[in-house]
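**Student:** Mind looking over this structure? Questions follow.
Only the coordinates and a few stated rules stand behind these numbers; no lab work does. Please read all numbers here as calculations on a predicted model, not as lab measurements. Cβ placement follows ideal geometry from the backbone for every residue including glycine, while neighbour counts extend to all protein chains displayed.
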Amino acid sequence: MKNYSAFFLLVFSLLAAQPILAQRAQSGDRPEQKLTGIVLDGTINKPMVGANVQIKTLADSLLRGTVTDGQGKFELVRPDIPQVKIEITFIGYQKISKIHSLRDPNDLGTFVLKEDTKELGEVLIEGQVPVGEQRGDTTSFNANAFKTMENAQAEDLIRKMPGITMQGGQLQAQGEAVQKVLVDGREFFGSDPSIALRNLPADAIERVEVLDQRSDQSRLTGFDDGNYSKTINIILREDRKNGQFGRVYAGYGTDDRYSAGGSLNFFSGDRRFSILGLTNNVNQQNFSSQDLAGVTANSSGGRGGFRGGGGRWGGGNNNFFVGNDIGIIQTNAIGLNYSDKWGKKINVTGSYFFNNTNNTLQQITNEERIISETQSQFYQENLINSVDNYNHRANARIEADLNEKNSIIVTPSISFQTNKTFSDRDALTLGNTGDSLSALRSITDAETKAFNVSNNITYRYKFDKPRRTLSTDISTTWNNRDQLSDLTAASRDYNRNLLDTTIQRTDALNDGFNYRVNVTLTEPLGEKAMGTFGYQVANNKTIADQKTRVFNEENLPVLDTALSNEFNNKFITQRLRSGYAYNNNGYSINLNLDYQFARLDNEAFFPTEGVFKRDFNNILPSANINFRNRETGFS
């Protein structure tokens, strides 16, 4: 009873504090300063139409810009920095420059442009394309301001833009990892940023926007909850939004190295279809490691599998991602992308992607280990290692505004993966005189198959009262992984005349299913605050069965209990939530109080049998305060 009393007391405190927070925030708000003025033509004393008005830093970095209207008037939002420079220009007239401080009047008055009457000889007109501009919390870069090589891709262009970097294959913007790359506001081959960047030509891009995209829940309710994902939106040139364009390339070099591929795009207004493909053996890919992450199998790579007098085996290397491994990597890939608007209310995007990678490594190692001034050991190793990976991935996103009050978003996805690994290691350790100390021969052969099926449905209902909404989010995931691996190894110690052999087979099966259902009611509490009340139920179920059998001297399989297990695990949670959110001028405050009931149900079958059940009751308070600068987008 005490827990429930504390729960409702804290909910009441959060809601009661809302007017106080609003009053404090409003008292400290600084309204946006809008600079206004009029530009006149000094020769005829009439309004100057189309004069350029720019706000710059004192170091001449462009912040904002506009042009005068038909009455010669202009209006610009002033960035909240101590001093800025106002520049007014027009071809054939003298430039006007003025320093403006925060304490100066916002009405700049009237500016008179005087004609530049210098007599000129031959005139060479050179212009500089503006690099970009800030629109709220969106940074927009002009693609024409960045020079790229002929046939460059979007990735080559974007890496030249300030604040955008590539770290270890991960695209970052403004210090944050980019989660999505959109094309004209739509997904392109799902949520894989690398595909759009490596398959869109740079000369098809008009501008690039860097923004913090709000969550689906935030966009449906219309309230900024402070949850963002760094997103790059590529805006295509108008002449590329209708028609066909693409590129095809091929190359052949020494040592039978080759690379070929291409992409074709068929765009007609809202309907867009793209196809891409590649094949090479120069360790290049146009997809991310998410297509390889579903299956892993022991694949010994590099040195370190066997050392010294006694010797050992094992220690596989699961990292077979293209671009990270050593060896010769062959890559084949093909992808399809479809995007369209069905009627006026339904937006659809979908993609299919297949890739195959083959990593072959042949490695010879000769190593000398100095034991003392008079004693050394020599290690020799021959290693052959290969990894084959096959991946099929399909996903879609359907957004439908059913009517003014009802909307729904459906995002299904499915992937199938197969991975085959083979490793053959032959190692020998020698002494000073060339006599054999130890030897190892091990062969590993494994195959893994996996699939993952998931779907997410978000439904929103808008009440007549503005910003009062009821939303439901249903998420389901089913995944399966089946692995079969064989290990044959023999280790000999010549000093002690010992021979140790191992022949084992491991069969591992993992099957999982989980679902999560969220129901959320949002209630406006004034213009800048909102209350949330919700319920969530989730279930995560896992089935694991691994059996390892070692073959004895009679070549009969014997179950190894130390390397075998079988169990079922189920974890159910139910959660009640009350929350308060306040957002104003970049400041966001989120306070939540949750009550969670959880039940763990574990049943073991092997090597021992047993049932373990436990219930958990918890009060989970949380608070988050965030400030996001509207001028820069940084938080």
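**Student:** Within a Cβ distance under 15 Å of F616, other residues only, what is the Lys/Arg minus Asp/Glu net charge? If you can, show how the numbers build up before the last one.
**Tutor:** Working: positive: K570, R575, R599, K613, R614; negative: D594, D601, D615.
Net charge around F616: +2.
**Student:** Another question, if that's okay. Given S436, F266, Q330, which one lies farthest toward the positive end of the charge dipole of segment 250-524, if we put +1 on the Cβ of every Lys and Arg and -1 on the Cβ of every Asp and Glu?
**Tutor:** Going by the Cα projections, it comes out as F266.
**Student:** What net charge is computed for the residues neighbouring F463, neighbours being all others with C-beta under 14 Å from the C-beta of F463, Lys and Arg scored +1, Asp and Glu -1? Before the final figure, lay out each step's value.
**Tutor:** Values: positive: K405, R460, K462, K465, R467, R468; negative: E404, D464, E523.
Net charge around F463: +3.
**Student:** Moving to a separate point now. Once the dipole of segment 250-524 is set up with Lys and Arg at +1 and Asp and Glu at -1 on Cβ about the Cα centre, which of F378, T411, F451 lies farthest towards its positive end?
**Tutor:** It is T411, whose Cα lies furthest towards the positive end.
**Student:** Give me Rg/Rg_expected for segment 250-524, where Rg uses Cα atoms only and Rg_expected = 2.2 N^0.38 Å with N residues. If you can, show how the numbers build up before the last one.
**Tutor:** Working: Rg = 26.8 Å, N = 275, 2.2 N^0.38 = 18.6 Å.
The reported ratio for this selection is 1.44.
**Student:** Mind ranking 547-558, 254-265 by how tightly packed they are, going by the mean number of other C-beta atoms within 10 angstrom, highest first? Don't skip to the end; give the middle numbers.
**Tutor:** On the way: 547-558: 12.5, 254-265: 14.2.
Packing proxy ranking, top to bottom: 254-265, 547-558.
**Student:** Still on this structure: Going by average Cβ neighbours within 10 Å, how do the peptides 519-526, 154-161 rank, with the highest at the top? The partial results should precede the final answer.
**Tutor:** On the way: 519-526: 17.4, 154-161: 19.8.
Result, highest mean Cβ count within 10 Å first: 154-161, 519-526.
**Student:** Which shape class applies to segment 32-113: rounded if a/c is under 1.5, otherwise prolate when a/b exceeds b/c and oblate if not, where a ≥ b ≥ c are the square roots of the Cα gyration tensor eigenvalues? List each step's numbers first, then the result.
**Tutor:** Working: a/c = 2.01, a/b = 1.61, b/c = 1.24.
It is prolate, given that a/c is not under 1.5 and a/b is the larger ratio.
**Student:** Hey, what did segment 250-524 get for relative contact order, percent, Cα under 8 Å, at least 6 apart?
**Tutor:** Numbers: 737 pairs, mean separation 39.1, N = 275.
Result for segment 250-524 is 14 percent.
**Student:** Ranking request for peptides 593-605, 92-104: highest mean number of other beta-carbon atoms within 10 Å first, then the rest in descending order.
**Tutor:** On the way: 593-605: 15.3, 92-104: 12.6.
In descending order of packing, they fall as 593-605, 92-104.
**Student:** Counting alpha carbon pairs within less than 8 Å and at least 6 residues apart, what relative contact order, in whole percent, applies to segment 475-612?
**Tutor:** Values: 316 pairs, mean separation 26.3, N = 138.
Computed value for segment 475-612: 19 percent relative contact order.
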